[in-house]
1. Under the rule of at least 5 residues apart or a separate chain, name every residue whose amide H is placed under 5 Å from the amide H of GLN136.
2. Measuring from label point to label point, each 7 Å out along Cα→Cβ, what is the ARG139 to SER79 span in nm?
3. When ranked by the protection proxy of mean other Cβ atoms within 10 Å per residue, highest first, what sequence do the peptides 78-85, 191-198 form?
4. By how many degrees, between 0 and 90 and to the nearest 10, does the Cα long axis of helix 175-192 differ from the longest principal axis of the chain?
5. Only helical DSSP H runs with n ≥ 4 go in: add -39500 (n - 2.57) per run for the chain, normalise by residue count and round the 222 nm mean residue ellipticity to 500 deg cm²/dmol.
6. List, in order, the whole-Hz ³J(HN,Hα) value for each residue of the stretch 121-132 obtained from phi through the Karplus relation with A = 6.51, B = -1.76, C = 1.60 and θ = phi - 60°; use x for Gly and Pro.
7. What ratio of Cα Rg to 2.2 N^0.38 Å holds for the chain?
8. Quick query: amide H of SER213 versus all other amide H atoms, modeled in the peptide plane; which residues come in under 5 Å with a sequence gap of 5 or more or a different chain?
Amino acid sequence: MSIALTDIVLTYPDGDSTVTALDHVSLEARPGELHAIVGPSGSGKSSLLAVASTLIRPDSGSVRIDGTEAAELSPAERSRLRMNRVGIVFQQPNLVSSLTAAEQLLVTDHMRGRPVRSHRAAAERLLAVVGLDGKQHRRPAQLSGGERQRVNIARALTGDPRVLLVDEPTAALDHDRGARIMDLLAEITTEYRVATFVVTHDTEYLDRADTVSTMRDGRLTTTGGAPRPERSGAAV
Ligand SMILES: Nc1ncnc2c1ncn2[C@@H]1O[C@H](COP(=O)(O)OP(=O)(O)OP(=O)(O)O)[C@@H](O)[C@H]1O
């Protein structure tokens with residue numbers, strides 16, 4: 001199991017009381033599995049991703065990533081686990097406006113302490129994987145919304161993560177671009193054998209998921225999904 005959340009409870013302080021954002025939530029994903037989480041606004045989806053990424057520590061419950069229990073790590077070790085094992089795709093790409101597509105990936109590598117020079121070719125390969133062949137020299141303003149999201153996804157893959165956490169990847173995109181981004185995430189999940197959680201409002205693209213769960217008032221129910229056929233050798 002690449003990622004397993006077990007019996008997670010998360011509360012936030014709210015004046016004199018608390019809000020229960022996650023109420024005994026369990027979910028998991030194996031390598032090559034795409035697990036979609038849907039649910040209305042305020043149901044706890046972003047909180048779930050924040051806990052899964054180890055950015056927020058839950059009140060109780062277990063987060064295991066690639067066999068490591070996050071609660072047993074020091075803050076520095078947790079940060080290393082996140083950097084080395086988890087790719088995060090935020091809703092807003094948050095690209096640096098002055099950097100080219102390739103440089104966005106190289107900066108991330110640099111922050112991991114890896115030599116940039118040896119990674120330029122790898123960055124260009126990843127951009128080709130997400131369909132941006134020939135556009136590696138473009139800055140964010142020279143890319144469409146869908147293309148910026150593709151850079152965002154490629155950047156999350158730079159560290160060869162075991163787990164990919166994706167927040168509302170289609171929110172700012174029209175139907176065709178949204179569908180292509182979900183196809184890309186499904187293909188990457190299979191090809192790279194990552195365990196992927198995708199949080200989405202969009203119920204339109206759920207056929208790309210192996211498992212679908214619904215969040216409601218902090219509670220999670222697995223509602224559907226079926227294993228996709230193996231796509232060995234599929235172009236991504
Ligand atoms: N920092 C916080 N402090 C207090 N309450 C919070 C905080 N963050 C979220 N909440 C509350 O926790 C609950 C879950 O919020 P969360 O952002 O996880 O939902 P969501 O499903 O991601 O919503 P959306 O789809 O609108 O982004 C909501 O009731 C929200 O108001």
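Please treat every number below as a calculation from the coordinates, not as lab data. Predicted model, so just to flag it, every value in this text is computed and none were measured. Ideal geometry is used to build each Cβ from the backbone, glycine not excepted, and the neighbour counts take in all protein chains shown.
1. Amide H neighbours of GLN136: none.
2. 3.0
3. Values: 78-85: 16.9, 191-198: 22.9.
Going by the mean number of other Cβ atoms within 10 Å, highest first, we get 191-198, 78-85.
4. 90
5. Numbers: 6 runs with 74 residues, N = 236.
Helices in the chain give a 222 nm mean residue ellipticity of -10000 deg cm²/dmol.
6. Calculated HN-Hα couplings, in order: 5, 5, 5, 5, 5, 5, 5, 5, 4, 8, x, 10 Hz.
7. That works out to 0.99 for the chain.
8. Those lying under 5 Å, H to H, from SER213 are ALA36, ILE37, VAL38, THR223.
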